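Take a look at the structure below.
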Amino acid sequence: MRFSAAIIAMSTFLPGILAFKCASGWYGECYYDHTNSDGTATRCALKCTSGPVNVECHCPDTYPGQPWPYTGKHECITIGKYNGRHHCYA
């Protein structure tokens, strides 16, 4: 198995370990395998680790306080959206 294929295979089993990057000053948003009563996806927002050009974000493996797994879907969001979301970490 090639190294890149091994990384892709591992990402299937360990989605919360892999990080995603956003522009400096932005925040991360993580999606979980659960649908809210209004039909929207369950998600939470997080502050990311600062870097010189961009920030690195790490989604929790499960939604805080629930067994719902991280889907691997994520987005970079502004501080306004971050302030309006449930935070992944206290």
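The values are calculated or read from the model by the stated rules, or taken from the named source; none is laboratory data. This structure is a prediction, so every number in the text was calculated from the model and none was measured. FYI the Cβ positions are ideal-geometry reconstructions off the backbone, even for glycines, and counts take in every protein chain you see.
Hey, could you check the range 5-49 for residues that are modelled with pLDDT of 90 or more and of a type in the set (A, V, I, L, M) and say which is farthest from Gly84 (Cα to Cα)?
Once the filter is applied, the top-ranked residue is Ala23.
Is it fair to say Pro52 is modelled with pLDDT of 95 or more, loosely packed, with under 13 Cβ neighbours inside 10 Å and assigned to a loop (DSSP other than H, G, I, E, B)?
In short, no.
Within the range 78-88, identify whether any single residue is part of a strand (DSSP E or B), within 19 Å of Phe20 (Cβ to Cβ) and under 10 Å from the mean Cα position of the chain (by Cα), and answer yes or no.
There is no residue in the range 78-88 that is part of a strand (DSSP E or B), within 19 Å of Phe20 (Cβ to Cβ) and under 10 Å from the mean Cα position of the chain (by Cα).
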